[in-house]
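Please read the structure below before turning to the comments.
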Amino acid sequence: GLQAFGEGVLGIQRAFQVAGAHSTLTTLWSVPVGPTDTLMVDFYENLWNKTMSKAEALRQAQLTMLREGLTRGAKRIDGEASATERRTLPDAWAAFELSGDWR
């Protein structure tokens with residue numbers, strides 16, 4: 001049948017919550033491995049070592065990607081970044097969505 005936009009994401013989130021997960025961090029669209037690795041390292045650094053809430057850890061990781069993603073190994077998806085450009089396009093970091101217990 002025809003699925004509504006985002007229905008698959010909601011199904012995955014619900015399935016993990018029914019299985020006992022308190023929260024999930026999912027993406028709304030496919031994101032390349034490089035930017036995902038960079039964002040996840042920052043997310044867990046913020047969460048575990050800087051003891052931020054999950055929501056704040058994600059927010060700060062996304063802000064870091066926006067400002068410094070290219071200088072930290074992330075690549076622009078469109079491949080058109082000059083060597084001096086530092087900002088990463090939102091399609092590399094804005095897809096991540098936290099649901100459930102955000103604390």
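Quick notes
- Residue, nearest to Met65 (Cα to Cα), within the range 12-43, restricted to residues that are among the polar types (S, T, N, Q) and part of a helix (DSSP H, G or I): Thr38
- Hits in the range 44-53 (condition: part of a helix (DSSP H, G or I) and either modelled with pLDDT under 95 or open to solvent by 40 Å² or more (accessible area, probe 1.4 Å) (or both)): Tyr44, Glu45, Trp48, Asn49
The values are calculated or read from the model by the stated rules, or taken from the named source; none is laboratory data. It should be emphasised that the depicted structure is a prediction, and the values quoted were computed from it without experimental measurement. Please note that ligands, DNA and RNA were not included when accessible areas were found on the heavy atoms of the full protein model with its side chains. Shrake-Rupley method; radii C 1.70, N 1.55, O 1.52, S 1.80 Å.
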